[in-house]
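Take a look at the structure set out below.
Every number here is computed from the coordinates shown, using simple stated rules; none is lab data. Remember, predicted model here, so these are calculated numbers, not experimental data. Every residue, glycine as well, gets a Cβ built from its backbone with ideal geometry; the counts of neighbours run over all protein chains shown.
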Amino acid sequence: MTAVTGLHASPELSPDALGSAVREAVEFTDAGGWGQPAQLFALVSTALLRDTQPEWADSLDSSELTVIEQEPLPVSPESGLAELEHVLGTTAWPEAVAGCALVQEILVLPPAAESALDEALAPVLADPDAADAAAREAAHSHPDARRARLAIGALRSGHTLAVMQLQPTDDEGDDDIELLQHRDLAPNLVAALAATLDNPANED
């Protein structure tokens, strides 16, 4: 991951800091187009960076948090998907990192599609890997499936946020990024990302 060591604890942040950082992470990802693997970001206080990393001064803006892209996540050769469970279970951040964010592409299905998924999973529920593969296949083949980006952020303060960006249709265009929010969006992934901030970091 990009080095952010040698810094001290972050100053207090405003209630809007995480939302602004998550949007910036989405905009950064969106600039590369759709079809990208999951991406992890460190969120570091801009004021802290300005005080302790003067060589970065020209590249810093007025945002409370600077979004720092991390190394690409490892991808499973079987599924072609980022190994999120392993990555989040083994990731730890130095004290200088005030929070983190994750942007991942997903498929969104209408509620009526749940029955199709249930039918696809029923024969393979005893095999988690097979069930996962069947769920992906059913989702990808569903005519009403729509690609989206799931963006999650977490701070050491305990503040978390999850938003979703639907891929624009041909009629909608892609000039403006609209982020949708729901309190029950991806709770398990939110918890897993937040837990990385509690993992002890080796800063030797």
* **Pairs with Cβ under 8 Å, 6+ apart, first in segment 14-35 and farther than 14 Å from residue 100 by Cβ, second in a loop (DSSP other than H, G, I, E, B) and of a type in the set (A, V, I, L, M)** => 23/177; 23/179; 26/177; 26/179; 27/177; 30/177
* **Enumeration of residues in segment 9-51 that are touching a Leu at 6+ places or on another chain (Cβ under 7 Å), surrounded by fewer than 16 Cβ atoms within 10 Å (Cβ to Cβ) and assigned to a loop (DSSP other than H, G, I, E, B)** => 11, 37
